[in-house]
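Engineer: The following block contains the structure, expressed as structure tokens.
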Amino acid sequence: MMASEALAEEAPAAVQLASDAANKLRELIGVRTLLPGEKIRQVEVAQQLGVSRSPLREALRTLESEGVVSYETNRGYVVTKLDLNDLAQIYRLRALIEDELLRSISGPTPEVLADAEVWVDELAAAAKAGDSVRIIRAHREFQIVIFSLSDRAVFRRELDRLWNQAIAYRATYQWPPATMARIVKGHRQALEALRDNDRKRLLAAFSRMRSNNVDVIVGLPRLD
């Protein structure tokens, strides 16, 4: 095999390794194994993830572009630390983008409806088990299924970036049973609105879900 051919085969593998490492890093941050403001010790993290330093560095650059980690002089990469005003602005931006996507979605196929229902059922099961990691994942996957109906890819990418920016803080949310019941109900209402292709009801359901989620963040300022 020629050297150029070998390099061509290695390139996709290297990209995949870096992508996998980025996903694993997000998981570590999402479950607060790595905390906001904490230095990422690359040798230890690379061993933990089972990758070499090269794909880990590429993963860190990806997460830096998302705002998930930051590079500090004399410290290296750290998990980005946000204040409550930062979080409030992220949630406001997400609301604006989500509504724009919801207004632009096409009618759902039976397959999309089935996928959305799977994640609503998973959310309900996770809520019953009190598993915050599963709750967060089910909520996000439910959103992804719906937003995939929009052809506005730039909006979807920006929404992903904003979602990832706050990833370290979601594991701290504590949902009282009554609030969690409202959140599950809101997802079922959104699913029914999607099934009826009723965008007005879908927008209203998402607005209620956002309010229920934001209400559990102690001290989050209201932006005028």
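The values are calculated or read from the model by the stated rules, or taken from the named source; none is laboratory data. Since we're looking at a predicted model, the values are computed, not measured. No Cβ is skipped: glycine too gets one built from the backbone with ideal geometry, and neighbour counts run over all protein chains shown.
Engineer: Quick one: Asn85 ticks every box in (1) surrounded by 13 or more Cβ atoms within 10 Å (Cβ to Cβ); (2) farther than 28 Å from Ala21 by Cα except a single one, so which number is it?
Structural biologist: All conditions are met except number (1).
Engineer: Go through region 158-215 and give me each residue that's without any contact (Cβ under 8 Å) to a residue 40 or more places away in the chain and either in contact with a strand residue (DSSP E or B) (Cβ under 9 Å, 6 or more places away or on another chain) or among the β-branched types (Val, Ile, Thr) (or both).
Structural biologist: Within region 158-215, Thr179 is the sole residue that qualifies.
Engineer: Do we have any residue at all in region 77-87 that's under 24 Å from Phe155 (Cα atoms), among the charged types (D, E, K, R) and either touching a Cys at 6+ places or on another chain (Cβ under 9 Å) or part of a helix (DSSP H, G or I) (or both)?
Structural biologist: yes
Engineer: Being hydrophobic (A, V, I, L, M, F, W, C) and farther than 19 Å from Glu27 by Cα is the requirement here; does Val133 meet it?
Structural biologist: On the way: hydrophobic (A, V, I, L, M, F, W, C): yes; farther than 19 Å from Glu27 by Cα: no.
Spelling it out, it is not the case that Val133 is hydrophobic (A, V, I, L, M, F, W, C) and farther than 19 Å from Glu27 by Cα.
Engineer: To continue, here is another question. As an exercise: evaluate Gly67 against (1) touching a residue at least 12 places away in the same chain (Cβ under 8 Å); (2) surrounded by fewer than 15 Cβ atoms within 10 Å (Cβ to Cβ); (3) at positive phi and give the number of the one condition it does not meet.
Structural biologist: (2)
Engineer: With the condition kept exactly as written, say whether any residue in region 41-62 is surrounded by 15 or more Cβ atoms within 10 Å (Cβ to Cβ), more than 17 Å from Ala21 (Cβ to Cβ) and in contact with a helix residue (DSSP H, G or I) (Cβ under 8 Å, 6 or more places away or on another chain).
Structural biologist: No: region 41-62 contains no residue that is surrounded by 15 or more Cβ atoms within 10 Å (Cβ to Cβ), more than 17 Å from Ala21 (Cβ to Cβ) and in contact with a helix residue (DSSP H, G or I) (Cβ under 8 Å, 6 or more places away or on another chain).
Engineer: Filter region 20-72 down to the residues that are at pLDDT 90 or above and among the hydroxyl-bearing types (Ser, Thr, Tyr), then identify the one that is nearest to Ala168 (Cα to Cα).
Structural biologist: Of everything passing the filter in region 20-72, Ser70 is nearest to Ala168 (Cα to Cα).
Engineer: Okay, next question. Got a sec? Which helices (runs of 4 or more DSSP H) wholly within region 95-165 have at least 3 residues that are surrounded by fewer than 15 Cβ atoms within 10 Å (Cβ to Cβ) and assigned by TED's automatic domain parsing to the domain that holds Ile183?
Structural biologist: Numbers: elements: 110-129, 132-147, 153-165.
Those helices (runs of 4 or more DSSP H) span 110-129, 153-165.
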